[in-house]
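**Student:** Below: one structure in structure tokens.
The numbers here are math on the coordinates, done by the rules we state, and not lab data. From a predicted model like this one, the values you see are computed outputs, not experimental measurements. Every residue, glycine as well, gets a Cβ built from its backbone with ideal geometry; the counts of neighbours run over all protein chains shown.
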Amino acid sequence: MKSWLWRHGPLPCALATAVLSGCATYSEQMTSALDDVTAGRYEEAIGQVQKASGLSASGVPKELDSDAALGLLNRATLKQALQRFGPSSQDFQEADVELEFLDIANDTAGEIGRYFFSDSATRYRSSPTEKLAINGFNMMNYLALNDLQGARVESRRFTVMQRYLDEYAKDQPHAAFGSYLAGFTLEQMGEYTGAMRYYDEALAVQNFESLRGPVQRLSTLTPYRGRAIEKFLADSNPPTARDSTADSKATAKILVVISVGRVPHKVPERIPVGAAIGLAGSAISGDPAVLGYSVFKFVIYPGLAQSPSRYSQVGLLLDGQGVQPDLASRLGSEITREYESIKPSIIAAALSRMIVRAAAAEGMREAGNSAGSGLGWFLALATEASLAGLDKPDTRSWIFLPDRVYVYQQRVTPGRHRVEVRLGTGPSESHIEEIEVAAGEFAAVVITAPR
């Protein structure tokens, strides 16, 4: 027996040692950061994100691995929540450059599923919705900084990814808040036709009541009429003489963007082998029959779990008067739809890996039995268990990406104005901004609360 283990034991022994001494995954290290964010301790959470991602407190490293790039996304969101818009923008820019996206539209070889396992070895790839949201949220930063050129650049990047998603999943909403913000940006820059095109994209998803005035004004400045714009104008009441008089005095503009909650996050899920085979179908590689020898009767794969939200209600007051912001996007719903479209591929990858483990274990069992050691089944179990321990589902994600994005804009008279954002019942949290807006200018109030 001793000589057999000497000849055949290195693989199972080494694997078992690796399992017993394995380090916590990135997702496991982020648990403390999640607790801090839920409690509103954003500063402490940034420290936890940096620790888990290998980021320093100052600047961005020259070389980034997947965890560091993903850490930049999460840190950027928290910096935005702390209204550090400049540093947040820098983190978003670096993450956007470093992160590859998961090409779900061209998965002809069924390769997507393999990116959802072994997070310590596989480069993280952001989903198309995450990639699109990067540009949308960085637009918020630039608008808060009154940097229209920066917001314009992000609007172009947003358009590239949005067109990809429109081709892949037509007639579904894709971060409409980004189209709204891009339209606002171009309107402020005097690019009225471009602004109307973006507003048309946003209105194709839903009616934005806060766009009634802007679209009516733009309709007198550009001949562009998209299908959604045409319908929106037809449903809008023409401005009265009183409205026109008030509008002539209101030569400044206020934009408010409120982002709350968190999108669903990835967690390990269990499903019986038989059910998994039914879901995965022909996407499985290998012979599922070998799973009859496996001691594991469940497949573990990265699923989605709803993230709790403290704020079911959002209120907005402008100069003491209650106004209704538009719910522009439910990013959690968009990510869930996207995930469900590739779920069979993910489960197929989990089954295929399970088949490889079962085949390796069966080989060890036969080798052990042929050696007359009587340890065949023990070695098979040890081999399969150790390989399974090394093959963890990848549960990394942009865990602090807000779930719901609200937008509102209004023309105001030049001067000082008070904006109050109320979150939750009571409210649980409120933000008050006193802002000064000059004639012909705008001010953007950006409130992000990923709780």
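**Student:** Would you kindly state how much longer the chain becomes between T425 and R411 on full extension, computed as 0.36 nm times their sequence separation minus their alpha carbon distance, in nm to one decimal?
**Tutor:** Working: separation 14, 0.36 × 14 = 5.04 nm, distance 2.82 nm.
Gain on stretching T425 to R411: 2.2 nm.
**Student:** Here's a follow-up. Which percent of the Cα-Cα distances in region 131-276 go past 24 Å?
**Tutor:** On the way: 4203 of 10585 pairs.
So the pairs more than 24 Å apart make up 40 percent of the total in region 131-276.
**Student:** Just rank L401, L304, fewest to most, by other beta-carbon atoms within 10 angstrom. Intermediate values should be presented prior to the final figure.
**Tutor:** On the way: L401 26, L304 19.
Ordered by Cβ neighbours within 10 Å, fewest first: L304, L401.
**Student:** Enumerate the residues in region 414-428 having an amide nitrogen under 20 Å from the point lying 7 Å beyond the Cα of T220 toward its Cβ.
**Tutor:** 414
**Student:** Residue separation times 0.36 nm, minus the C-alpha to C-alpha distance between K170 and E434: what's the value? Intermediate values should be presented prior to the final figure.
**Tutor:** Working: separation 264, 0.36 × 264 = 95.04 nm, distance 4.15 nm.
Here the answer is 90.9 nm.
**Student:** Just list whichever of K170/K343; K266/K343; K170/K392; K51/K266; K62/K266; K79/K392 have alpha carbons separated by over 22 Å in the model shown. Spell out each step's value before the answer.
**Tutor:** Values: K170/K343 19 Å; K266/K343 12 Å; K170/K392 33 Å; K51/K266 20 Å; K62/K266 29 Å; K79/K392 31 Å.
Cα-Cα > 22 Å for K170/K392; K62/K266; K79/K392; rest within.
**Student:** Using a 10 Å cut-off around each Cβ, can you sort Y180, Y168, Y311, Y199 from fewest to most neighbouring Cβ atoms? Show your work: numbers first, answer last.
**Tutor:** Numbers: Y180 30, Y168 16, Y311 19, Y199 27.
Lowest to highest Cβ neighbour count: Y168, Y311, Y199, Y180.
**Student:** Rounded to two decimal places and with Rh computed the Kirkwood way over Cα pairs, what is Rg over Rh for region 38-100? Let's see the in-between values first.
**Tutor:** Working: Rg = 10.7 Å, Rh = 11.4 Å.
Value, to two decimals: 0.94.
**Student:** Suppose each label sits 7 Å from its Cα in the direction of the beta carbon; what would the S236-T38 distance come out to in nanometres?
**Tutor:** 4.4 nm
**Student:** For a quick protection proxy, order the peptides 317-324, 348-355, 208-215 by their average other-Cβ count within 10 Å, most packed first. It would help to have the intermediate numbers written out before the result.
**Tutor:** Details: 317-324: 12.2, 348-355: 23.8, 208-215: 19.2.
Per-residue Cβ counts within 10 Å, averaged per peptide and sorted highest first, yield 348-355, 208-215, 317-324.
**Student:** Any lysines with Cα under 30 Å of the K249 Cα? List them, leaving off those in the same chain fewer than 8 positions away.
**Tutor:** K231
**Student:** Separate question: What distance in nm separates the two pseudo spin-label positions at V97 and Q313, each 7 Å out from Cα along the beta-carbon direction?
**Tutor:** Between V97 and Q313, the label points sit 4.5 nm apart.
**Student:** Report the net charge of residues surrounding N135, where surrounding means a beta-carbon distance below 11 angstrom and charges are Lys +1, Arg +1, Asp -1, Glu -1. Don't jump to the answer; show the numbers that get you there.
**Tutor:** Numbers: positive: K131, R156, R157; negative: D96, E130, E154.
Charge balance near N135 sits at 0.
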